[in-house]
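One structure is given below, encoded as structure tokens.
Taken together, the values in this text are just the output of simple stated rules run on the coordinates, not laboratory data. All of these numbers come straight from a predicted model, not from anything done at the bench. Glycine gets a Cβ as well: all are built from the backbone with ideal geometry, and neighbour counts include every protein chain shown.
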């Protein structure tokens, strides 16, 4: 059966698309087929659109989980190295802490500073420890006002000897002036440090929890 395409084309041209009641059989059939095709296609597209969004979201989650896995894997690989570094830090901290005297050793340290000056032939005109200590996080600091007279060479040797003491002592605010004859006078603040014992640390934590006193 031959199909007259010209007749069909003419029928489409004459069709008033705004008035479905006047449509001939073939235009109605085309519209019906279009509707039948559009409905499942539209449903398929709508259904797959949400699936595409879910797929994209899952891909992003997969990428994020991979990054987290690689990061944690790297941390696990370096865990032994971090533990070793922590042990080394603890060892170094312990060595530094041992250079701080405790409360009972402070008097001996003051004597060592005095002997370091006398051993270099310096004359002490002033050796006055501060009446109270300055408390820090885990140690206490005590300034000592010192004035000595002697030669420049002897003062340098005294500073070197203090730096080589087994305990930590620093010399601060050094001022050197001329004295009688060829002698020099040196004013300096020596700072000694000691670590706080367990009772002092406990009292410090308790005070920190209470907060500053109200005025």
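Going from the residue with the fewest nearby Cβ atoms within 10 Å to the one with the most, 201, 171, 109 rank 201, 171, 109. Between residue 82 and residue 161, the simple spin-label model (points 7 angstrom out along Cα→Cβ) gives 4.9 nm.
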